[in-house]
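Bear in mind these aren't lab numbers, they're just calculated from the coordinates by the rules spelled out. Everything quoted here is computed from the prediction, not taken from an experiment. Cβ: placed from backbone, ideal geometry, glycine included. Neighbour counts: every protein chain shown.
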Amino acid sequence: MYRRQMLLAGMASALGPVAAQEPGFPSRPVRVLLGFPPGGSTDGPMRVLAEDAARMLRQPVIIENRPGNAGLMPAQLLQNSPADGHTIGVIPGNLFRLPYTGSIAWDPARDLRYVIGLTEFVYGIVVPADSPLRNLDDLLAFARANPEKLNYATAGPWLAQHITMEQIARIQGVRFNHVPYKGSAEALNAVLGGHVMAAADTSAWGPYVASGKLRLLVTFNARRVARFADVPTLREAGIDFPPPSAAWGLAAPKNTPPAAVRTLHDAFHQAMQMPGFRQALAAYDMEPAYMGSAQYQRFAAESVLREKRLLDEIGFVKS
């Protein structure tokens, strides 16, 4: 009996704070709703993270792909999911813009329980490798000389990359021609095929830049991308403004018990610190960017306000 007690104590110590939570949760597999198709920059890292978190939770963590509406389907589905911690969702930053660009009867800042912030997307502007545009200054010079003739692709209207490009245009006094596509694959194929002059997109462009098919002019994040360390950030290029949210993480239904939120947070936080998640993110030029539950909840509220300011600044009018 003594040996058994010591063994159980050792297991609890190894699992850390997760094992110290109230017993009974989770009592069955945890579902993670993911608003993007399999194989992408969100899906791959989440599957690695889920596998490691499952060991902490002692229950399977199952990724359910629910693509649609620019990755926002999980947030909508959580509004009607049981608030018991067994169903959570991946929340992209463009959710905080939805009250102004879409039509919803709930508040992203108050009607979700934010569990943990995981990382943030990397954004940048790419052009074909043989383009005469060698850097951001070249792109802006062309736009000044040719108003509305610099056409650029994005993965859809009013995403972070679109808003950032409109902010650049506003600050620099130029006019671009925005061409929205249905996702990153279409946007990048458009620039690769010469249908547009540039694309503003997530780091889905990474393999094409690395292989020499595309040229990366500038990135939108606070720090340079390690794999393309010679490419400046927007701030380094002289354009400095608070960018739209690029963060993504996990949230649960609004009334999920605090004990369940703590258990989920602790499991995924420990999983974040294992090498697999960092390696999976690196394939898409991302890095872990942790936010605790309370910090992430505050971030959501602040982001909803910030997105409204950004949309106002670029003259957004809801159609």
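Key figures for this structure:
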item	result
Pairwise Cα inverse-distance average, inverted: Kirkwood Rh of segment 123-228 (Å)	13.4 Å
Cα centroid separation - segment 94-165 against segment 188-218, whole Å	14 Å
For the chain, convex hull of alpha carbons as volume per residue, Å³	127 Å³
Two-site FRET efficiency, Arg170 against Asp138, from Cβ-Cβ distance with R₀ of 22 Å, rounded to 0.05	0.65
Sequence ranges 279-291, 194-206, ranked by mean other-Cβ count within 10 angstrom, highest first	194-206, 279-291
Net lengthening on full extension, Ile62/Ala301 (0.36 nm per residue, minus Cα-Cα)	83.2 nm
Nearest-ten-degree value, helix 160-172 long axis tilted from longest Cα axis of the chain	40 degrees
Folded to 0 to 90 degrees: helix 258-272 orientation relative to the chain principal axis, Cα	60 degrees
The chain - share of DSSP beta bridges that are antiparallel (%, nearest 5)	60 percent
Two-site label geometry, Ala105 and Ala129: point separation in nm, points 7 Å out along Cα→Cβ	5.3 nm
Sites Leu77 and Lys213 - FRET efficiency at Förster radius 35 Å, r taken between beta-carbons, to 0.05	0.40
Residues with amide H under 5 Å from that of Ala289, placed H, sequence gap 5 or more	Thr119, Glu120
Full-stretch length increase - Ala185, Asn255 - with 0.36 nm per residue and alpha-carbon distance subtracted	21.5 nm
All lysines inside 22 Å of Lys182 as judged from Cα atoms, apart from same-chain residues fewer than 8 positions distant	Lys149, Lys213, Lys318
3J(HN,Hα) from dihedral phi, segment 240-252, Karplus parametrisation 6.51/-1.76/1.60, rounded to Hz, x for glycine, proline	10, 8, x, x, x, 5, 10, 6, 9, x, 10, 9, 10
Estimated [θ] at 222 nm from DSSP helical runs (n ≥ 4, -39500 (n - 2.57)) normalised by residues in the chain, nearest 500	-11500 deg cm²/dmol
Full-extension gain in nm, Ala229 to Arg309, via 0.36 nm per residue minus C-alpha separation	25.7 nm
